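*Asks:* Pasting a structure here, questions to come.
Just so it is clear, none of the values below were taken in a lab; they were calculated from the coordinates. For clarity, every value in this text was computed on a predicted model and none was experimentally measured.
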Amino acid sequence: MKKQYLHLSAYTCDICSGPVIAGSLGVRENEISKESEISAVGAICISCGHRQDKATEPGRPRYFFPIEWENVNIKVVGRSGHSEAAYAEALNRAERH
Ligand SMILES: [Zn+2]
């Protein structure tokens, strides 16, 4: 059964060094398949409100365990493209740990 998952990651804000929380959604066709259609949902620093959509080197995002997310009508900010593919790759790498 097709399920949608919410992924959250945290990384350091460029402006205040506080935690930026970034969300993305991935779709899994069944229990054992890899996620596809991973889309960024948004990112915001919970300390100062800066919307920073990427971690700045050398800082690395820390990924939280994905949770099932049923709301399929959520607005996504980006689909496909190089950066999204790289993001999807990073998420899949993180899951293997
Ligand atoms: Zn900040």
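*Asks:* How much length is gained on full extension from residue 48 to residue 32, taking 0.36 nm per residue of separation minus their Cα-Cα distance? Walk me through the numbers before you get to the answer.
*Replies:* Working: separation 16, 0.36 × 16 = 5.76 nm, distance 3.88 nm.
The span from residue 48 to residue 32 would gain 1.9 nm if fully extended.
*Asks:* Would you calculate the convex hull of the Cα atoms in region 1-75 and tell me its volume per residue in Å³?
*Replies:* On the way: hull volume 7.0 nm³, N = 75.
Enclosed volume per residue, from the Cα hull, is 93 Å³.
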